[in-house]
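Here is the structure we will look at, set down as structure tokens.
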Amino acid sequence: MTTTPLAERSTAVAARATELSKVYGQGETQVVALDRVSVDFRQAEFTAIMGPSGSGKSTLMHCVAGLDSFSSGSVRIGETELGSLKDKQLTKLRRDKIGFIFQAFNLLPTLTALENITLPMDIAGRKPDKEWLHKVIEMIGLADRLSHRPSELSGGQQQRVAVARALASRPDIIFGDEPTGNLDSRAGAEVLGFLRNSVRELGQTVVMVTHDPVAAAYADRVIFLADGRVVDEVHAPTADAVLDRMKRFDAKGRTS
Ligand SMILES: Nc1ncnc2c1ncn2[C@@H]1O[C@H](COP(=O)(O)OP(=O)(O)O)[C@@H](O)[C@H]1O
Ligand SMILES: [Mg+2]
């Protein structure tokens with residue numbers, strides 16, 4: 001499989017977790033969802049996070065994206081330590097620096113595709129960079145669908161709108177939790193292809209949680225979580241290599 005030569009890639013860190021822990025509950029009902037996780041997400045890199053159900057994938061994503069608090073350790077987005085921010089500053093950072101794509105497309109039904117794409121920027125009172133927006137819309141192949149409402153679009157097209165919405169403000173990093181979980185394999189492949197292109201062609205940084213080895217193979221690297229810890233990492237993954245790694249979890253009696 002083809003990958004960007006290392007020399008062409010930026011080594012700057014878009015987001016970093018250091019000794020990150022997240023504990024839910026107390027005493028006997030305590031759950032350690034993240035256990036001293038340290039991981040870097042470099043700029044212009046596409047990372048997939050995999051692991052058995054309950055291994056802490058969503059928790060890691062939510063903590064690094066500033067959507068959830070953590071118990072100890074630190075998280076930074078670019079040069080900003082999340083732990084040092086007040087609620088308002090955190091909200092602003094999420095709005096200005098981070099793009100999100102969820103399993104449910106989360107589009108507003110009364111708005112057109114274009115209005116949905118620019119909504120976060122409209123709310124923030126920011127003007128979209130026209131050239132960039134045009135590039136994103138072209139790449140995602142939505143130019144002839146911009147005046148359609150979500151109900152007039154297929155699931156795959158709706159998720160492409162959601163990808164364009166995440167890209168529109170040119171965020172420092174995009175997080176997706178199972179972004180193709182609601183799509184059939186063809187529509188999923190399209191969305192994954194666009195995410196990969198946004199990294200290769202536009203230099204975006206993408207972090208995606210998935211349980212699907214085929215989806216993970218679109219990434220530049222896969223990190224594997226088990227019991228709240230990073231247990232392995234695969235570069236330039238193939239679906240087979242990822243599947244093999246997942247099978248080793250099953251052999252230990254864990255579910256996936
Ligand atoms: N709000 C919560 N309260 C208590 N425990 C939680 C909560 N959210 C997640 N957990 C627990 O934390 C662990 C990691 O969950 P999660 O990050 O959702 O895993 P994954 O996304 O890999 O399936 C699981 O044991 C889960 O039950
Ligand atoms: Mg999850």
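Every number in this text was worked out from the coordinates using simple rules, so none of it is lab data. Quantities reported herein were computed from a predicted structural model and do not represent experimental measurements. All Cβ positions, even for glycine, are placed from backbone atoms using ideal geometry, and neighbour counts span all protein chains on display.
Quick look at the values:
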| read-out | value |
| --- | --- |
| Reach of K22 by Cα under 25 Å, taken over lysines that are not fewer than 8 positions away in the same chain | K57, K86, K88, K92, K97, K252 |
| Neighbour net charge for A113 - beta-carbon separation under 13 angstrom, K R +1, D E -1 | +1 |
| Net charge over other residues, Cβ less than 15 angstrom from the Cβ of T91 (K, R count +1; D, E count -1) | +4 |
| Placed amide H near S71: partners under 5 Å, 5+ positions off or other chain | S21, K22, V23 |
| Using alpha-carbon coordinates, inclination of helix 155-168 to the longest axis of the chain, degrees | 90 |
| Likely footprinting exposure, K86, K135, fewest C-beta neighbours within 10 Å first | K86, K135 |
| Cross-link reach list, lysines versus K135, counting only Cα pairs under 17 Å and skipping chain neighbours closer than eight places | K127 |
| Bridge type composition, the chain - antiparallel percent by DSSP, nearest 5 | 55 |
| Over the chain: helical MRE at 222 nm, DSSP H runs n ≥ 4 each giving -39500 (n - 2.57), nearest 500 | -10500 deg cm²/dmol |
| Sorted by Cβ density within 10 Å, fewest first, the residues E152, E28 | E28, E152 |
| Footprinting exposure proxy for E79, E178, E138 (fewest neighbouring C-beta atoms within 10 Å first) | E79, E138, E178 |
| Sparse-neighbour loop sites [GluC sites (Glu not before Pro); the range 156-256; at most 12 other C-beta within 10 Å; DSSP] | E201 |
